[in-house]
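For reference, the structure discussed in these notes is given below.
The values are calculated or read from the model by the stated rules, or taken from the named source; none is laboratory data. As the structure is a prediction and not an experimental result, all values here were calculated from the model. Here the Cβ positions follow ideal geometry from the backbone for every residue, glycine too, while neighbour counts run over all protein chains shown. Keep in mind that these areas ignore ligands, DNA and RNA; they rest on the heavy atoms of the full protein, side chains included. Shrake-Rupley method; radii C 1.70, N 1.55, O 1.52, S 1.80 Å.
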Number of protein chains: 2
Amino acid sequence: MAVRYEFIKECKQSGARLGRLHTPHGVIETPIFMPVGTQATVKTISPEELKEMEAQIILSNTYHLFLRPGHELVKEAGGLHKFMNWDRPILTDSGGFQVFSLSNLRKITEEGVNFRSHLNGEKLFIGPETAMEIQNALGADIIMAFDECPPYPADKSYVKASTDRTYRWLKRCMEAHTRSDEQALFGIVQGGMHEDLRQEAAKQLVDLDLPGYAIGGLSVGESKEMMYEVLSYTTPHLPQNKARYLMGVGSPDALIQGAIQGIDLFDCVLPTRIARNGTTMTSQGRLVVRNAKYARDFTPLDPNCDCYTCRNYSRAYIRHLIKADETFGLRLTSYHNLYFLLDLMDKVRDAIRNDRLLDFRDEFMIQYYGSLHPDTSF
Amino acid sequence: MAVRYEFIKECKQSGARLGRLHTPHGVIETPIFMPVGTQATVKTISPEELKEMEAQIILSNTYHLFLRPGHELVKEAGGLHKFMNWDRPILTDSGGFQVFSLSNLRKITEEGVNFRSHLNGEKLFIGPETAMEIQNALGADIIMAFDECPPYPADKSYVKASTDRTYRWLKRCMEAHTRSDEQALFGIVQGGMHEDLRQEAAKQLVDLDLPGYAIGGLSVGESKEMMYEVLSYTTPHLPQNKARYLMGVGSPDALIQGAIQGIDLFDCVLPTRIARNGTTMTSQGRLVVRNAKYARDFTPLDPNCDCYTCRNYSRAYIRHLIKADETFGLRLTSYHNLYFLLDLMDKVRDAIRNDRLLDFRDEFMIQYYGSLHPDTSF
């Protein structure tokens, strides 16, 4: 198998898992956050900077690379690792989520999804076999089954039909996957906000003995309480000896709570997206550095942070760069935010090791959000 | 004196000078190209990357920093070096050139220039005393006298009156300059394309025994032949023991020819500006990497270059990034172009050392432009 999850220990206080994921491009300590490099680059950040901040694995988006520059071109380049100069593990998603969230005029059939490119309107198709062909060409260490992420809210009958079809698509993915020695195919548990559908989906997938399992269809507009509830009745049905990946989640509170509920892998564009808008995550909570009140603030973004940005630049300088449309400012905020989340997961792993993740969560929540039950989402 | 030029040797073949410029933030080997960091950052590039490519000094623009974030703020931050995290030498221009080229509704009087900000229309004034106040606050190692860069073409009578006023402004700058122990004030030789005006201006300035001399008013639309002609009757009137700076010049041919004509310092936005448009300078000449023909070209921008970009990325990848609006692509092309010019000046210094700069020029011209007398400007 291309990827093997090694369980190390459970946090006696919280039940969170500490582990290692062995991949063809190296070992990942879990739980971990994966920076997102949508178009074969983590926006504004170099591979060397990702290593400097101890990123262990990144995610890249199949839908985007299929559209531009095309998976065949990436294959000719020697695969995604070589193309983008990143020699550590990569996970690619299936393209399913973006087909549903970004493309136009999409039509779902049993075969797959017909849609128009959001870039130029071109008529395109992705189905399970296409998703495998693209991801086999890209060559990531972990690849994802083609699924539908049902809208929220949706009729239970729709979610049921969609989840069943996602299961049939998964089996076609397994059939079509040609590089299972080098690339691990993860299945995706769907089922909306319905306990019975989630449990059925989880059990069906576990029966297929896949190298890992993702939980999809969350962080789509539901409350965080509802997301945690879905996790509470889904993760217990996933095997202890396989990795678990919660897709699209990256707010600090949800990373910690997800780990508590047994998740190993997370990804989200949040840290880099808000960074490009001048919003940063600090040990004292969110800080919108483009605000006027930081114009003459010569302290670092986060006085408790030892990242490249905080060691060398002031809030005043970063604000100046952002106001002046200098992309170096976005590099500095992106660097800091990614560092913040990677460092947070490092602390989460430490807390698991020391059987105190619930204590850590409470300390963090008070310090970052000022409350154990904040209203804000990040 | 804040800055001292040390003459090392003359190229026996070309007459070019090899030297060292001693400044409060370190020694610069000349002839040298100065990357431009207009708004207290060299666009897309970090200070560490500038050091990696062996940039020895950078230029920053007084006009831009006066407008945003304001020189008082930079002073509060501890000066420009600290504000932008660059501990090597900095040169600031006087703001004069940008007032004339960027601002609106400008009106020149003996006192100085009234103008409106190109950012928000605000009514502002810069005169010799203001230019000194701003540059004293920024704290660069080398600061420039406030001058008018006359338009080209212009009546000789206008150029004469302007050059005389620039001289009177220089004397007011010397009067107003408060930090001559830490900052060297360079005068600017103007005089348009007129031999007698240039000579008179040069002699007047030399009589003031300034720490260095710039040649302004060139690269403003005149032919290269005309620029070289102006240099030919201007530099001989400048003293051997002071640095000479040719403002706004950065095409490879003009850097070499400028060195041959006795210039020590150059600056230009060319390498970074064309980089952001997908145009690169290589040992085989210009290469527009965004062109379709590089879509599947997996070789480096320049196979003979050992810069970070060329060691790690292909033309195909860089083209993909630029087409996909990823700023990392602009970082890679900017890095390469700056490296190319810094490396070129390193080779120029070597050629001077070995008394073969004319041979080097001819070899370079044939390789880069395919001709000893190219039509193209860069």
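Please find, in a Gaussian network model of chain A (springs between Cα atoms separated by less than 10 Å), the residue of A:S334, A:S157, A:S94 whose mean-square fluctuation is greatest.
Result for chain A, Cα springs under 10 Å: A:S157 fluctuates most.
Rounded to the nearest 100 Å², what's the accessible area chains B and A bury against each other, both chains counted, probe 1.4 Å?
3100 Å²
Pairing the Cα long axis of helix B:224-234 with the longest principal axis of chain B, what angle in degrees results, from 0 to 90 and rounded to the nearest 10?
With rounding to tens, the tilt is 40 degrees.
Gap in Å between the Cα centre of the stretch B:252-329 and the Cα centre of the stretch B:152-216?
Each part reduced to its Cα centre gives a spacing of 35 Å.
Would you jot down the residues in the stretch B:305-351 that end up with at least 30 Å² less accessible area in the complete protein assembly than in the chain alone, with a 1.4 Å probe?
Residues meeting the cut-off: B:Y308, B:N312, B:Y313, B:Y317, B:H320, B:A324, B:E326, B:T327, B:F328, B:R331.
Testing the spin-label approximation: label points 7 Å from Cα along Cα→Cβ at A:L102 and A:E175. State their distance in nm.
2.8 nm
If the limit is 19 Å between Cα atoms, which of B:K107/B:K203; A:K82/B:K51; A:K242/A:K347; B:K9/B:K224; A:K293/A:K323 go over it?
In this structure, B:K107/B:K203; A:K82/B:K51; A:K242/A:K347; B:K9/B:K224 exceed 19 Å between Cα atoms.
Explain nothing, just the number: dipole magnitude of the protein assembly as shown about its Cα centre with +1 on each Lys and Arg Cβ and -1 on each Asp and Glu Cβ, in debye rounded to the nearest 20.
Value, rounded to 20: 740 debye.
For a quick size check, give me the Cα extents of chain B along its three principal axes, largest first, whole Å.
59, 48, 39
Where does helix A:195-207 land angle-wise versus the long Cα axis of chain A, in degrees 0 to 90, nearest 10?
Long axis of A:195-207 versus the principal axis of chain A: about 70 degrees.
Please compute the per residue accessible area over the stretch B:290-336 with all protein chains in place, 1.4 Å probe, rounded to a whole number of Å².
Numbers: 1750 Å² over 47 residues.
Result: 37 Å² per residue.
Can you pull the three principal axis extents for the Cα set of the protein assembly as shown, in Å, largest first?
The Cα atoms of the protein assembly as shown stretch 93, 55, 43 Å along the principal axes, largest first.
Which length gain, in nm to one decimal place, applies between B:K123 and B:D87 when the Cα-Cα distance is subtracted from 0.36 nm times their residue separation?
Extra length from B:K123 to B:D87 when fully extended: 9.6 nm.
Quick one: dipole size for the stretch A:320-378, taken about the Cα centre, charges +1 on Lys/Arg Cβ and -1 on Asp/Glu Cβ, in debye to the nearest 20.
120 debye
For chain A, what is the percent of antiparallel DSSP beta bridges, rounded to the nearest 5?
For chain A, the DSSP antiparallel bridge percentage is about 50.
Just going by the charge dipole of chain B, with Lys and Arg at +1 and Asp and Glu at -1 on Cβ, which of B:V42, B:P31, B:L210 is farthest out on the positive end?
B:V42
Would you mind getting the accessible area per residue of the stretch B:54-122, heavy atoms of the protein chains only, 1.4 Å probe, in Å²?
Working: 2770 Å² over 69 residues.
Normalised by residue count, the accessible surface of the stretch B:54-122 is 40 Å².
Can you name the chain B residue with its Cβ nearest the rotation axis from B to A, and give the distance in Å as a whole number?
Residue nearest the B-to-A axis, with distance in whole Å: B:T327, 2.
Determine the share of the stretch B:123-269's accessible area contributed by carbon and sulfur atoms, expressed in whole percent, with a 1.4 angstrom probe. Don't skip to the answer; put the middle values down first.
On the way: 2460 of 4880 Å².
After summing per-atom areas, the C and S share lands at 50 percent.
When DSSP assigns beta bridges and you keep just the ones with both residues in the stretch A:189-331, what percent turn out antiparallel, to the nearest 5?
35 percent
Less than 12 Å Cβ to Cβ from B:N354, Lys/Arg counted +1 and Asp/Glu -1: what total charge do the surrounding residues give?
+3
Give the accessible area for A:R356 in Å² (nearest 10); use a 1.4 Å probe, count only protein heavy atoms, and leave out ligands, DNA and RNA.
In the full protein context, A:R356 sits at about 80 Å².
Figure the gain on full extension for B:K12 and B:D207 (residue separation times 0.36 nm, minus the Cα-Cα span) and round it to one decimal in nm.
Extending this stretch completely gives an extra 67.4 nm.
Select from B:I322, B:S334, B:Y368 the residue farthest towards the positive end of the dipole of the stretch B:307-378; place +1 on Cβ of Lys and Arg, -1 on Cβ of Asp and Glu, and compute about the Cα centre.
Result: B:I322.
Any chance you could get the radius of gyration and Dmax over the Cα atoms of the stretch A:221-378, in Å?
16.7, 53
Dipole magnitude of the stretch A:78-145 about its Cα centre, charges +1 at Lys/Arg Cβ and -1 at Asp/Glu Cβ only, in debye to the nearest 20?
260 debye
So for the pair B:K293, A:R165, with labels modelled 7 Å out along Cα→Cβ, what separation do we get in nm?
Between B:K293 and A:R165, the simple spin-label model gives 4.7 nm.
Tell me, what is the per residue accessible area of the stretch A:162-280 in Å², probe radius 1.4 Å?
Details: 3910 Å² over 119 residues.
Accessible area per residue: 33 Å².
For the stretch B:6-157, just the Cα set please: Rg and Dmax, both in angstrom.
Computed over the Cα atoms of the stretch B:6-157, radius of gyration and Dmax are 17.1, 53 Å.
Pop the C-beta distance of A:R311 and A:D355 into the FRET formula with R0 = 25 Å and round what comes out to the nearest 0.05.
Once the sixth-power term is evaluated, E becomes 0.20.
Name the residues of the stretch B:56-80 whose accessible area falls by at least 50 Å² when all protein chains are present instead of the chain alone, probe 1.4 Å?
B:R68, B:L73, B:E76
When the helices in chain B are scored as -39500 (n - 2.57) per DSSP H run of 4 or longer and the sum is shared across all residues, what 222 nm value do you end up with, to the nearest 500 deg cm²/dmol?
Computed ellipticity for chain B at 222 nm equals -12000 deg cm²/dmol.
I'd like the orientation of helix A:357-369 relative to chain A: the angle between its Cα long axis and the longest Cα principal axis, in ° from 0 to 90, rounded to 10.
Helix A:357-369 and the main axis of chain A meet at about 60 degrees.
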